[in-house]
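Contents: one structure, followed by commentary.
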Amino acid sequence: MRLGIDLDGVVADFNAGWISRYNTEYGAELPSDAVKGWDAIPSLTHFEDMRAFWKWARDHDGHSLFRHLEPYPDAVESLWTLIKARHQVVIITTKPPWAIHDTFAWIAQHQIPTREVHILEQKWTVDCDIYLDDGPHVLKGLVARRPERTVCRFVRPWNEPVDGALDVESWPDFLNLVDRSRPSDRR
């Protein structure tokens, strides 16, 4: 099956990454699990708005913040398990233009097993059998535009249940869901 997998918040620990760097640069003591809502960053930091945050995230030692993230536990190993089970891992992520090269470098550095990467806003335009994402707006779009497909919400503190999406609590949960699923007959 084709598995549409998001990166930030699903494979890459975006919040722990930016929080660690923020704490180092500004002498702050934010806990790595401080984010409880989507776009909550300004309420946790000195940044006036998300635009100011993204300006800061753009350059860190010649790379964007996205280049310095760590994978979540079990994420990379789970993707390899899916590949070994003969599934296709399709990375579908949203990034600002200035982070595209760092995204590809991150994928290579962490040996993400994919032959297909899409960096775009409208993730529903990439046809997959199963999608895994954490973005509330993305999940709603996938459910609305791909109702015949399985859409999974990776449960995180910053997202709420979405009607039509299945909740996945962990990578082992996702592996079990994929194992129980059957490929779409529409191919």
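Of note:
- Subset tally (residues that are in contact (Cβ under 8 Å) with a residue 60 or more places away in the chain, in contact with a strand residue (DSSP E or B) (Cβ under 9 Å, 6 or more places away or on another chain) and over 25 Å from ALA57 (Cα atoms)) for region 78-99: 6
- Of the residues making up region 72-91, none is part of a loop (DSSP other than H, G, I, E, B) and more than 23 Å from ASN176 (Cα to Cα).
- Any hit, region 45-66, residues being of a type in the set (Lys, Arg), in contact with a helix residue (DSSP H, G or I) (Cβ under 8 Å, 6 or more places away or on another chain), in contact (Cβ under 8 Å) with a residue 24 or more places away in the chain and surrounded by fewer than 17 Cβ atoms within 10 Å (Cβ to Cβ): yes
Quick note: the coordinates plus some simple rules give every number you see, no bench work behind them. Note that the structure is predicted; figures quoted are calculated from it, not measured. Reconstructed Cβ throughout: ideal geometry from the backbone, glycine too, with neighbour counts over all protein chains shown.
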